[in-house]
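Peer 1: I have a structure here, written as structure tokens, and I will follow up with some questions on it.
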Amino acid sequence: MALPKRIIKETERLVADPAPGITAAPHEDNLRYFDVTIQGPDGSPFQNGVFHLELFLPEEYPMSPPKVRFLTKIYHPNIDKLGRICLDILKDKWSPALQIRTVLLSIQALLSAPNPDDPLATDVAKHYKENEKDAQRVSREWTEKYASQ
Amino acid sequence: MHFSKTYAQLLLTLPPEFRNNAFEYRKLKQLINQIVFELDSLGLAPSFLRSLHDHGPEMVSRMSRNITDGTLTVDSESMSGASHRQTIVYEIVWNSSVLQPRLRLSSSSPSDVPIHRNSIPSTIQPVCHVNLPIPERSLSHITQALLHTPIIFGDEMSLINHSMESDQPDDLIIPLPSDMAFFQLLTSTLSSLSGYLNMLEQGFNPVLTTLAASISSAARPASSSAPRSFSPYSLAADHSMSLCPGPGGKSDLCTWREIFRLYVEAEVFESVSESTRGERSIEEVEKHLELFKGHVQEKKEYLVFPRSREAFAVFLNLNLFILNVKKFQLANSEATRKILKKHTKRTTLPIPSCLQERDASTPTASSCQLALITRPSKSLPRLLVQAIGEVLLPIIPHIDDYSCLICASIAFKPIRLCCGHFFCVRCLVKMQRRRMADCPMCRAHTVLQANPSNVDYGLLNLMADWFPIESREKQHANEREVVQEQLEALGITDARICRIM
Amino acid sequence: MAKIPRNFRLLEELEKGEKGIGDGSCSYGLEDGDDIMMSNWNGTIIGPGHTVHENRIYSLKIHCDQSYPDKPPTVQFLSRVNLPFVNQTDGKVDPNKLNVLAQWGKDSSIETVLVGIRREMGSFNNRKLPQPPEGTTF
């Protein structure tokens, strides 16, 4: 089946005019499946890290949200061991007017602003709540260990 | 290559009317030679002044903003403080709208200077001082030369301006006539330049409005139900009211839309991409204008009306004109910068930085007057490009303004939700089936309330007229999708069965 | 239809497995919760009633390589069991002898493999096969 116009348009813009610190390129054999990189935002413990993600646009997209997952290990209260992301716009707060670009920018923003009150990785969240400084130290270590280029 | 040559060559590439209003680079350069001669005759040859710089204590430039009277004051003072009591001060005063450069031979302690500065009224306001401490042995040499020069003593100055009560009586004020002529020529050439640029802008806008009217008459929708004008943002709509529709249902609508699309995509003057956002350099503009011309070459052959072809030529000329204005402006600001640099280098009299660049953060009236190189927040080329974007391009409705944010195709048929946002009927039906209640744009709970009364017929007619092909295609696509869904609901999922060729 | 990439397909299966399926007679999960590529899985089958397998719990290893789900996973019994499609020296399941693997399709999954094996345990030919002692492993 032909790719919907919306996906074609989004892809064209993502490739031609990428958002700062973000790349997204579709797989040749599956144009709904994207290789994504996000640079860790400056001022966050993920600074200088480059994180790999995968993104998939399900058949229902944009009525359903894209599926996104980190492939790079990351120490973050809203991202679990398998790279799954707890972000409201990827779940109940999804709106069909949101786009791949906006989703990836939101994930980048989540790196700057972890939310330990809505955790996915409960142990990391606990660490962040009890001793934020030490938790950030671990986040920095992981960034250096797993996300440096 | 000397800049004067480069500058002259650049001007040759511009139309003659630009050339006649160009910057007086050569004359200013001659005046600098005269200043040097003048200083020489004062016994203050630049080589001597330079030696004061080199062997004297380190110069510290201190800038203080005198906000109360809205002028800028720059003081430079010697680090060594009171140890050198003899100093030469280069100051430029702003006296009844003329910049008067002069030298002040002073025996006061440099550290006193900033204190009495505050009491000076704004009528005569020194805007720049550079204190050069004079070694004892050179003093006699200077005073010797000064004997043959008309000089004003400090107390005479206070006669001209009686309120200058604290001026040091021992100060010698040495006017620099050639330097003054330099600044006079510089300010007058800059102000006539800005007048000329204003005139260019005044001339540009009527041409643009006429062009907009002409294109909108040629690009009127061919359909019979077409409204006689289109007006969401277009100024030109008023003009097209009086024009007759195209004969025989012909229209250049699609061709013009295509031309404008290529133009917008070419991003000739300004880039809108995330990584290179902003104004382009001259070379880039030239490149992108050529690219646009290349892309549009084939399209313009489809223009049916002679007036469309004429309009297209005018459109290209307007863009070339903007490019010329851009070149002209850049050349002039570069010439100003160069001549000031030359002034400093040849005379060793340092021009304060507040004269060289306008500080955009303190846009007081007098600081603007003082600035020799004005860096306005919006350059003329930008204003002209913006005018094209506001007056000309909107006369042809752009499909992006009428597309459904969900499917990215034209929002046909358009359903206007109670919150004011519109989407195509297919996408809203899909949302309702999934019980998605929130408006995708504003999250108001308006989706489930939508019913056939929410069809926006005004918008629907507009789309059918201005986007006949896109609307028809979308309508067919919608119908195919409905058939497909009905078959799927019946359990027939094999796409091959239901493809209606 | 959009083709779901391997990783997102396995994530879906994982979520389904975490929620629990059917009557709980089959279950599965990741062998290592940190395994970002989700290659190695554990499965359990509770032997069907009214057969020799009744009340027995069988452990299996399932390996999904990069070609999953285009190709079926490899399956290996950890608990000793006597079935015609299970190699009696190492517990490996012969994909050619097990229907759900031999006729692998786009609706097949780790779950359908486990359910398929359990169905085989209860089939007429296999329900009475003599079994090794309970609790022994390969």
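The values are calculated or read from the model by the stated rules, or taken from the named source; none is laboratory data. Not measured: the values here are computed from a predicted model. Positions of Cβ are backbone-derived with ideal geometry, glycine not excepted, and every protein chain shown enters the neighbour counts.
Peer 1: Among residues belonging to the stretch A:64-79 that are at the interface with another protein chain (Cβ under 9 Å from one of its Cβ atoms) and not in a strand (DSSP E or B), point out the one that is farthest from A:Arg137 (Cα to Cα).
Peer 2: In this case the residue turns out to be A:Ser64.
Peer 1: Looking only at the stretch A:101-123, which residues are more than 14 Å from every other protein chain (Cβ to nearest Cβ) and part of a loop (DSSP other than H, G, I, E, B)?
Peer 2: Matches in the stretch A:101-123: A:Ala113, A:Pro114, A:Asn115, A:Pro116, A:Asp117, A:Asp118, A:Pro119.
Peer 1: Is at least one residue of the stretch B:20-39 among the polar types (S, T, N, Q), under 31 Å from the mean Cα position of the chain (by Cα) and at pLDDT below 80?
Peer 2: yes
Peer 1: Answer yes or no as to whether B:Ala213 is crowded, with 18+ Cβ neighbours inside 10 Å, among the aliphatic types (A, V, I, L, M) and either over 30 Å from B:Lys300 (Cα atoms) or at pLDDT 85 or above (or both).
Peer 2: Yes; evaluated as a whole, the condition is true for this residue.
Peer 1: Go through the stretch C:21-36 and report how many residues are among the small types (Gly, Ala, Ser), more than 14 Å from chain A (Cβ to nearest Cβ) and either in contact with a strand residue (DSSP E or B) (Cβ under 7 Å, 6 or more places away or on another chain) or surrounded by 13 or more Cβ atoms within 10 Å (Cβ to Cβ) (or both).
Peer 2: 2
Peer 1: Need pairs with beta-carbon distance below 8 Å; first residue buried (at least 18 other Cβ atoms within 10 Å of the Cβ) and within the stretch B:175-187, second hydroxyl-bearing (Ser, Thr, Tyr); sequence gap 6+ or separate chains.
Peer 2: B:Asp179/B:Thr347; B:Leu186/B:Thr336
Peer 1: Related question: Any idea which of A:Leu82, A:Leu98, A:Leu53 is among the hydrophobic types (A, V, I, L, M, F, W, C), assigned to a loop (DSSP other than H, G, I, E, B) and in contact with a Lys or Arg (Cβ under 8 Å, 6 or more places away or on another chain)? Please lay out each step first, then the result.
Peer 2: On the way: A:Leu98 fails: in contact with a Lys or Arg (Cβ under 8 Å, 6 or more places away or on another chain); A:Leu53 fails: assigned to a loop (DSSP other than H, G, I, E, B).
Of the residues listed, the single one that is among the hydrophobic types (A, V, I, L, M, F, W, C), assigned to a loop (DSSP other than H, G, I, E, B) and in contact with a Lys or Arg (Cβ under 8 Å, 6 or more places away or on another chain) is A:Leu82.
Peer 1: Residues that are farther than 14 Å from B:Ile406 by Cβ: list the helices (runs of 4 or more DSSP H) wholly contained in the stretch B:419-498 that include at least 3 such residues.
Peer 2: B:457-466, B:468-489, B:495-498
Peer 1: Taking C:Gly91, is it touching a Ser or Thr at 6+ places or on another chain (Cβ under 9 Å) and either modelled with pLDDT of 95 or more or closer than 19 Å to C:Arg9 by Cβ (or both)?
Peer 2: no
Peer 1: Okay, moving on. Just need a number here: residues in the stretch B:377-401 that are in contact with a helix residue (DSSP H, G or I) (Cβ under 8 Å, 6 or more places away or on another chain) and within 14 Å of another protein chain (Cβ to nearest Cβ).
Peer 2: Counting residues in the stretch B:377-401 that are in contact with a helix residue (DSSP H, G or I) (Cβ under 8 Å, 6 or more places away or on another chain) and within 14 Å of another protein chain (Cβ to nearest Cβ) gives 1.
Peer 1: For the stretch B:216-245, enumerate the residues that are touching a Phe, Trp or Tyr at 6+ places or on another chain (Cβ under 6 Å) and at pLDDT 85 or above.
Peer 2: B:Ala218, B:Ala219, listed by residue number.
Peer 1: Of all residues in the stretch B:200-224, how many are within 27 Å of the chain's Cα centre (by Cα), within 20 Å of B:Trp256 (Cβ to Cβ) and small (Gly, Ala, Ser)?
Peer 2: Residues flagged as within 27 Å of the chain's Cα centre (by Cα), within 20 Å of B:Trp256 (Cβ to Cβ) and small (Gly, Ala, Ser) within the stretch B:200-224 amount to 2.
Peer 1: Also: State whether one or more residues within the stretch C:78-87 are part of a loop (DSSP other than H, G, I, E, B) and within 20 Å of A:Arg69 (Cα to Cα).
Peer 2: no
Peer 1: A:Glu60 passes all but one of (1) assigned to a loop (DSSP other than H, G, I, E, B); (2) surrounded by 17 or more Cβ atoms within 10 Å (Cβ to Cβ); (3) within 9 Å of another protein chain (Cβ to nearest Cβ); which number fails?
Peer 2: The one condition A:Glu60 does not meet is (2).
Peer 1: Of the residues that make up the stretch C:50-64, is at least one assigned to a loop (DSSP other than H, G, I, E, B), under 30 Å from A:Leu3 (Cβ atoms) and at pLDDT 95 or above?
Peer 2: Looking through the stretch C:50-64, at least one residue is assigned to a loop (DSSP other than H, G, I, E, B), under 30 Å from A:Leu3 (Cβ atoms) and at pLDDT 95 or above.
Peer 1: Identify all residues within the stretch C:37-68 that are within 14 Å of chain A (Cβ to nearest Cβ), aliphatic (A, V, I, L, M) and surrounded by 16 or more Cβ atoms within 10 Å (Cβ to Cβ); write none if there are none.
Peer 2: Scanning the stretch C:37-68 gives a single hit, C:Met38.
Peer 1: I need the full set of residues from the stretch A:7-47 which are touching a residue at least 24 places away in the same chain (Cβ under 8 Å) and loosely packed, with under 14 Cβ neighbours inside 10 Å, in order please.
Peer 2: Passing the criteria: only A:Gly43.
Peer 1: Could you please give the count of residues in the stretch A:80-89 that are without any contact (Cβ under 8 Å) to a residue 24 or more places away in the chain and within 7 Å of another protein chain (Cβ to nearest Cβ)?
Peer 2: 1
Peer 1: Moving on. Every residue in the stretch A:83-105 that is β-branched (Val, Ile, Thr) and surrounded by fewer than 18 Cβ atoms within 10 Å (Cβ to Cβ), please.
Peer 2: Our first condition is that a residue be β-branched (Val, Ile, Thr); within the stretch A:83-105, this holds for A:85, A:89, A:100, A:102-103.
Across the stretch A:83-105, the qualifying residues are A:Ile89, A:Thr102.
Peer 1: Looking at the stretch A:1-57, which of its residues are within 14 Å of chain B (Cβ to nearest Cβ) and among the charged types (D, E, K, R)?
Peer 2: A:Lys5, A:Arg6, A:Lys9, A:Glu10, A:Glu12, A:Arg13, A:Asp17
Peer 1: Out of everything in the stretch A:106-149 that is of a type in the set (A, V, I, L, M) and surrounded by fewer than 17 Cβ atoms within 10 Å (Cβ to Cβ), what residue ends up being nearest to C:Asp34 (Cα to Cα)?
Peer 2: Filtering the stretch A:106-149 for residues that are of a type in the set (A, V, I, L, M) and surrounded by fewer than 17 Cβ atoms within 10 Å (Cβ to Cβ), the one nearest to C:Asp34 (Cα to Cα) comes out as A:Val138.
Peer 1: While we're on this one: So which residues in the stretch B:262-317 are part of a loop (DSSP other than H, G, I, E, B) and either surrounded by 13 or more Cβ atoms within 10 Å (Cβ to Cβ) or touching a His at 6+ places or on another chain (Cβ under 8 Å) (or both)?
Peer 2: If the condition is that a residue be part of a loop (DSSP other than H, G, I, E, B) and either surrounded by 13 or more Cβ atoms within 10 Å (Cβ to Cβ) or touching a His at 6+ places or on another chain (Cβ under 8 Å) (or both), then B:Glu267, B:Val268, B:Phe269, B:Glu274, B:Arg280, B:Leu303, B:Val304, B:Phe305 are the ones that fit.
Peer 1: Give me the residue from the stretch C:79-130 that is crowded, with 17+ Cβ neighbours inside 10 Å and farther than 18 Å from C:His63 by Cα and, out of that set, nearest to the chain's Cα centre (by Cα).
Peer 2: Applying the filter and picking the extreme gives C:Arg118.
Peer 1: Among the candidates B:Ala437, B:Ala489, B:Ala444, which residue alone is exposed (fewer than 15 other Cβ atoms within 10 Å of the Cβ), within 12 Å of another protein chain (Cβ to nearest Cβ) and of a type in the set (A, V, I, L, M)?
Peer 2: Unique residue meeting the criteria: B:Ala437.
Peer 1: Let me ask you something else. Starting from the stretch B:278-302, keep only residues that are free of Cβ contacts under 8 Å to residues at least 60 places away in the same chain, then list their pairs with residues that are in a helix (DSSP H, G or I) and surrounded by fewer than 14 Cβ atoms within 10 Å (Cβ to Cβ) whose Cβ atoms are within a distance under 8 Å, requiring at least 6 positions of separation or different chains.
Peer 2: B:Leu289/B:Leu320
Peer 1: Then there's this: Can you give me the number of residues within the stretch A:10-47 that are assigned to a strand (DSSP E or B) and either modelled with pLDDT under 95 or more than 15 Å from the chain's Cα centre (by Cα) (or both)?
Peer 2: Quick first cut of the stretch A:10-47, residues assigned to a strand (DSSP E or B) only: A:22-27, A:30-39.
Pick out the ones that are also either modelled with pLDDT under 95 or more than 15 Å from the chain's Cα centre (by Cα) (or both) and you get A:26-27, A:30-32.
Selection size over the stretch A:10-47: 5.
Peer 1: From the list B:Gln449, B:Gln432, exactly one residue is polar (S, T, N, Q), within 12 Å of chain A (Cβ to nearest Cβ) and over 39 Å from the mean Cα position of the chain (by Cα). Which is it?
Peer 2: Within the list B:Gln449, B:Gln432, the selection yields B:Gln432.
Peer 1: Looking only at the stretch C:5-20, count every residue that is touching a residue at least 40 places away in the same chain (Cβ under 8 Å) and within 14 Å of chain A (Cβ to nearest Cβ) and tell me the total.
Peer 2: 5
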